[in-house]
Amino acid sequence: MKTLILGAGYSGLAVATKMKPAPNLESLLIEQNAYHVFYTRLHEAAAHNTRVTLPLAPLLRGTGVQMEQAQVDVVDVDAREVTLKDGRVLTYDTLVIGLGSVTNFYRIPGLYENATELKQLSDADEIFTFVNRAFSSEYQGQRDIVVGGAGLTGVELVTELAQRAVLLSKERGLPPFQIHLVEAGPKILPVLDDALRAKAMQTLEEYGINVLTGHRLMQATADSVTVQTSDGTQKVIPAGKIIWTGGIQARDIVRGERIEKGPGGRIAVDEFLRAKGYPEVFIVGDMGLALNQEGKPVPTTAQHAGQQGRLTGKNIMRLSRGDELEPYEPTTLGEFVSLGGLMAVGWMKLPWNQKLAMTGGLAHVMKRASEWRWRVSIE
Ligand SMILES: Cc1cc2nc3c(=O)[nH]c(=O)nc-3n(C[C@H](O)[C@H](O)[C@H](O)COP(=O)(O)OP(=O)(O)OC[C@H]3O[C@@H](n4cnc5c(N)ncnc54)[C@H](O)[C@@H]3O)c2cc1C
């Protein structure tokens, strides 16, 4: 059975590391980078240049999975062909697609052209370089930062940047820059409950971050954004760096007559995470539209991508033995949001569907523990 796994992110790498060598199984992982990126720590790389990658080759030892560093151009699930950017065409018996998501700029004028994303290492490098430049004595330009989107990524980024600004300010004797967090919705971190959100809000205020909820980003230029409130009032905020974390959509790379897409361009899957109408194609992570026990879309998170990947890796082994597939049962074990340094807020699941809320150092430890759990699961 010839199996191709596309992408070595949270879902694809979990698939590969759950596989074992088998006589009738030939497996190849295609990934554009030679390393796995801990996306959940990308904000730390942006603020502090922290190392957030792990080389892939050692992780695949003992799995029977070969790896090729290449870029996928298009996947044709009717022809059962994967075309690479270098023109080569690969065929498969079983395909796993875990190529993640891309930033959604919602066609806001000037945003794509002028904003930095936080989706890959090069974005983190660009932000880190700006922060250093803004704290050099020769720098004459606009220093303030506007971050669009107050979800998990936006909040983790602004708090980490604010913490870095405090350090640099002391070290270099320059005033910190102003950070504006712009959010069209009425509240930050909609995934959290009110008490945890209030704690996060208090931390943002203590850092002096200007939180503009209920402000829609209307336009971006090279050095400013225009925001608008619900009553139509507009204001222009000057910015040396604009960062957009306000939305994602599934990577649009799969072609197939029977492919069904849902919100965010995610591909509808059955209970075994196979694309509807294509039983030989598994879609895992941000690209797939899996439903939970209540029939609602499973969130696009590392936690769920990892669960889906682990199950799919095991299911491919079952397929190779001719065994029945195991269905996907999503669980959310908790959610933690880091708020700069050793501060975090979040909750973990307890028995009988109870939630244990945590703030401060303990929540930070839990967030780190979930990252270590992921690391142990792939090593
Ligand atoms: C800054 C940031 C912070 C986040 N924080 C959290 C958090 O705290 N908790 C949480 O649960 N989730 C968090 N997430 C979301 C989480 O990272 C995603 O849900 C998760 O990465 C999705 O996993 P995936 O396998 O679908 O895609 P990814 O992990 O994005 O992996 C996709 C892989 O495909 C590769 N790839 C893409 N295109 C191609 C191509 N054409 N050819 C070859 N290879 C390709 C990429 O290099 C990558 O390795 C965060 C995301 C970001 C960006």
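How many residues are closer than 19 Å to MET201 by Cβ and not hydrophobic (A, V, I, L, M, F, W, C) if we restrict to the range 142-186?
Summing the residues that are closer than 19 Å to MET201 by Cβ and not hydrophobic (A, V, I, L, M, F, W, C) in the range 142-186 gives 14.
Please go through the range 339-370 and give me each residue that is among the charged types (D, E, K, R) and either open to solvent by 30 Å² or more (accessible area, probe 1.4 Å) or out of contact with any Ser or Thr (no Cβ under 8 Å at 6 or more places or on another chain) (or both), ordered by number. Please lay out each step first, then the result.
Of all residues in the range 339-370, those among the charged types (D, E, K, R) come to 349, 355, 367-368.
Hits for the range 339-370 are LYS349, LYS355, ARG368.
Can you name the strands (runs of 3 or more DSSP E) wholly within the range 61-171 that have at least 1 residues being within 15 Å of the ligand (Cβ to nearest atom) and surrounded by fewer than 21 Cβ atoms within 10 Å (Cβ to Cβ)?
65-69, 72-76, 81-84, 89-91, 101-103
Could you say whether any residue in the range 22-33 is outside the structural domain of VAL376 (by TED's automatic domain parsing), touching a helix residue (DSSP H, G or I) at 6+ places or on another chain (Cβ under 7 Å) and open to solvent by 40 Å² or more (accessible area, probe 1.4 Å)?
The answer is yes; a qualifying residue exists.
Quick one: would you say ILE267 is within 26 Å of TYR106 (Cβ to Cβ), in contact with a helix residue (DSSP H, G or I) (Cβ under 8 Å, 6 or more places away or on another chain), among the β-branched types (Val, Ile, Thr) and surrounded by 22 or more Cβ atoms within 10 Å (Cβ to Cβ)?
Working: within 26 Å of TYR106 (Cβ to Cβ): yes; in contact with a helix residue (DSSP H, G or I) (Cβ under 8 Å, 6 or more places away or on another chain): yes; among the β-branched types (Val, Ile, Thr): yes; surrounded by 22 or more Cβ atoms within 10 Å (Cβ to Cβ): yes.
Yes: the conditions hold for ILE267.
Being in a loop (DSSP other than H, G, I, E, B) and either open to solvent by less than 20 Å² (accessible area, probe 1.4 Å) or at pLDDT 95 or above (or both) is the filter here, so list the residues in the range 172-196 that pass it. Show your work before the answer.
If we filter the range 172-196 for residues that are in a loop (DSSP other than H, G, I, E, B), which is where we start, we get 173-178, 184-193.
If the condition is that a residue be in a loop (DSSP other than H, G, I, E, B) and either open to solvent by less than 20 Å² (accessible area, probe 1.4 Å) or at pLDDT 95 or above (or both), then PHE177, GLN178, ALA184, GLY185, PRO186, LYS187, ILE188, LEU189, LEU192 are the ones that fit.
Pull up the range 242-271, narrow it to residues that are within 16 Å of the ligand (Cβ to nearest atom) and among the basic types (Lys, Arg), then point me to the one that is farthest from the chain's Cα centre (by Cα).
ARG255
In the range 321-338, what count of residues is obtained for those that are open to solvent by less than 40 Å² (accessible area, probe 1.4 Å) and not in a loop (DSSP other than H, G, I, E, B)?
Filtering the range 321-338 for residues open to solvent by less than 40 Å² (accessible area, probe 1.4 Å) gives 325, 328, 330, 334, 336-338.
With the extra rule that they be not in a loop (DSSP other than H, G, I, E, B), the set shrinks to 334, 336-338.
Final tally of qualifying residues: 4.
The values are calculated or read from the model by the stated rules, or taken from the named source; none is laboratory data. Worth saying up front: this structure is predicted, and the values here are computed from it rather than measured. For neighbour counting, all protein chains shown are included, and Cβ atoms are generated from backbone atoms with ideal geometry for every residue, glycine included. Side chains are part of the model used for accessible areas, which takes the heavy atoms of the whole protein and leaves out ligands, DNA and RNA. Shrake-Rupley method; radii C 1.70, N 1.55, O 1.52, S 1.80 Å.
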